[in-house]
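Some notes on the structure that comes next.
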Amino acid sequence: MKLTQDQIDSFNRDGFVIVEKLISADQVERLKIEVDRVAQRALEMDRDSGGFNFEKSGDDPLDAAARIKAAGVLRKIQGIAEQSEAFGELARSSKVLDVVKSLIGPDISLHSNKLMFKPARYGSAKPWHQDYAYWREADPVQISVWIAIDEATPENGCVQFIPESHRLK
């Protein structure tokens, strides 16, 4: 799926573009089933391990020594595309790659990938930030692709973007 010139212009102006229905409802349902399957591994864990990161007591997600809030309450799974064939296929899909190519050209490599959770009653805050702040050591021609597999609304704490904030230094 190539982007239109209007979508590319929007991305260049605002720093983001919303591409609706990039993946089918059937694919979303398959991914939800896969999330449940992969997350089952977390039920036996009592600390961060193998890319599985938990919500912690004290809401400090970086404190690997902190006790987890509750069994199986995940914050994220790092490297989900390597842990799940379904997510790997999504990361390599022509639909996703064509969108990325439309924005940065054909020289694409996957920097990182993760599955983020927002568990009700357990989720620690994620303050406003620019993803590039985490990539200072990497080539600056990078973008984030964020795909919601659950309903994402302002009321339930969806990702929000500040237009033109990518121009701030």
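Quickly run through the range 62-99 and pick out the residues that are closer than 14 Å to Ser49 by Cβ and of a type in the set (S, T, N, Q). Gln78, Gln83, listed by residue number. Looking across the range 51-71 at every residue that is touching a strand residue (DSSP E or B) at 6+ places or on another chain (Cβ under 6 Å) and among the aliphatic types (A, V, I, L, M), the one that is nearest to Val35 (Cα to Cα) is identified as Ile68. Could you go through the range 127-143 and let me know if any residue there is without any contact (Cβ under 8 Å) to a residue 12 or more places away in the chain, touching a Leu at 6+ places or on another chain (Cβ under 8 Å), within 24 Å of Phe161 (Cα to Cα) and assigned to a loop (DSSP other than H, G, I, E, B). Among the residues of the range 127-143, not one is without any contact (Cβ under 8 Å) to a residue 12 or more places away in the chain, touching a Leu at 6+ places or on another chain (Cβ under 8 Å), within 24 Å of Phe161 (Cα to Cα) and assigned to a loop (DSSP other than H, G, I, E, B), which makes the answer no.
Scanning the range 100-118 for residues that are of a type in the set (A, V, I, L, M), touching a helix residue (DSSP H, G or I) at 6+ places or on another chain (Cβ under 8 Å) and either surrounded by fewer than 16 Cβ atoms within 10 Å (Cβ to Cβ) or in a helix (DSSP H, G or I) (or both) yields Leu103, Ile108, Leu110. From the list Ile104, Ile147, the lone residue that is under 23 Å from Val17 (Cβ atoms), under 12 Å from the mean Cα position of the chain (by Cα) and at pLDDT 85 or above is Ile147.
For the range 1-87, the helices (runs of 4 or more DSSP H) that sit wholly inside it and include 2 or more residues that are without any contact (Cβ under 8 Å) to a residue 12 or more places away in the chain and under 18 Å from Trp146 (Cα atoms) are 5-14, 25-39. Quick check on Gly15: is it surrounded by fewer than 17 Cβ atoms within 10 Å (Cβ to Cβ) and at positive phi? When the stated conditions are applied, Gly15 does not pass them. When Leu62, Leu43, Leu97 are checked against the criterion of being on the phi < 0 side of the Ramachandran plot and surrounded by 12 or more Cβ atoms within 10 Å (Cβ to Cβ), Leu97 stands alone in meeting it. So, in the range 88-98, exactly how many residues are free of Cβ contacts under 8 Å to residues at least 40 places away in the same chain, hydrophobic (A, V, I, L, M, F, W, C) and under 13 Å from Leu31 (Cβ atoms)? The total comes to 1.
If you take the residues of the range 33-68 that are of a type in the set (Lys, Arg) and at pLDDT 90 or above, which of them is nearest to Ala86 (Cα to Cα)? Step by step, filter the range 33-68, then rank; the result is Arg37.
The values are calculated or read from the model by the stated rules, or taken from the named source; none is laboratory data. The model shown is predicted, which means the values in this text are computed figures rather than measured ones. Note that we place each Cβ from the backbone using ideal geometry, even for glycine, and neighbour counts take in every protein chain shown.
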